[in-house]
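A short worksheet on the structure shown next.
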Amino acid sequence: MTAHVDLNGACTLATSSAAHVTLLDPVARFSLRAGDGERAALSKALGITLPGKIGQCARDDSVEILCLGQDEWMILAPKDQSVKIKAACEGIYGDAPHSLTEISDREVAIQITGDKATDLITIGCPRDPDMLPVGEARRTIFDGVSAILWRDGKDEYRLDLWRSFAPHVISLLKTGCSELAAE
């Protein structure tokens, strides 16, 4: 039986000499869908250029935009910017039709850092983390759970996943963190 984990705020989930696993603070999350003709208007409204290649990320001081598909982006921002993002997109909808859906409560983010962070990712992810460039992200699976894998540094990753699957993934990461430290 898995112990209950409060998924509403940052906390350390596991730490060892191999890796550290942390639940990150909640952020505003949006799924944005739009055609190629609307990209320029949306980029201008949001104040950040929507990346055009799958896996690329665009960032400013506090907003991250990830290209998930030819016409699909994930927007991450501090919670207090949620209203601003919605208003910016709503203001241009007539000229640049699109779909902006807030999914803030659907997902959580887990950070994995440390000397063996890459090894820890591989216990559940078929994607080779070493092939993921720093500063990019990709859709993948983690032990059958749909996830977005971000590479924030050489030994620093994030996993975004649906809240309902988080206890399962957290349990695997905790076990893996302990096992890697025992080697």
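Might you check whether a residue that is touching a residue at least 40 places away in the same chain (Cβ under 8 Å), surrounded by 15 or more Cβ atoms within 10 Å (Cβ to Cβ), touching a strand residue (DSSP E or B) at 6+ places or on another chain (Cβ under 8 Å) and part of a loop (DSSP other than H, G, I, E, B) occurs anywhere in the stretch 25-34? Within the stretch 25-34, one or more residues are touching a residue at least 40 places away in the same chain (Cβ under 8 Å), surrounded by 15 or more Cβ atoms within 10 Å (Cβ to Cβ), touching a strand residue (DSSP E or B) at 6+ places or on another chain (Cβ under 8 Å) and part of a loop (DSSP other than H, G, I, E, B). Could you list, in sequence order, the residues of the stretch 138-177 that are closer than 20 Å to Asp115 by Cβ, open to solvent by 20 Å² or more (accessible area, probe 1.4 Å) and of a type in the set (A, V, I, L, M)? Within the stretch 138-177, just Leu172 meets the criteria. With respect to the conditions (1) assigned to a loop (DSSP other than H, G, I, E, B); (2) open to solvent by 40 Å² or more (accessible area, probe 1.4 Å), Gly124 lacks only one, and its number is (2).
The set of residues in the stretch 101-121 being out of contact with any strand residue (DSSP E or B) (no Cβ under 9 Å at 6 or more places or on another chain) and in a loop (DSSP other than H, G, I, E, B) consists of Asp115, Lys116. Checked against (1) surrounded by 16 or more Cβ atoms within 10 Å (Cβ to Cβ); (2) outside the structural domain of Pro97 (by TED's automatic domain parsing); (3) outside any strand (DSSP E or B); (4) not aromatic (Phe, Trp, Tyr), Glu38 passes all but condition (2). Within the group Thr113, Thr12, Thr22, which residue is open to solvent by 80 Å² or more (accessible area, probe 1.4 Å), within 24 Å of Val134 (Cα to Cα) and more than 12 Å from the chain's Cα centre (by Cα)? Answer to the check: Thr12.
The values are calculated or read from the model by the stated rules, or taken from the named source; none is laboratory data. Bear in mind the structure is a predicted one, so any value in this text is a computation, not a measurement. Reconstructed Cβ throughout: ideal geometry from the backbone, glycine too, with neighbour counts over all protein chains shown. Please note that ligands, DNA and RNA were not included when accessible areas were found on the heavy atoms of the full protein model with its side chains. Shrake-Rupley method; radii C 1.70, N 1.55, O 1.52, S 1.80 Å.
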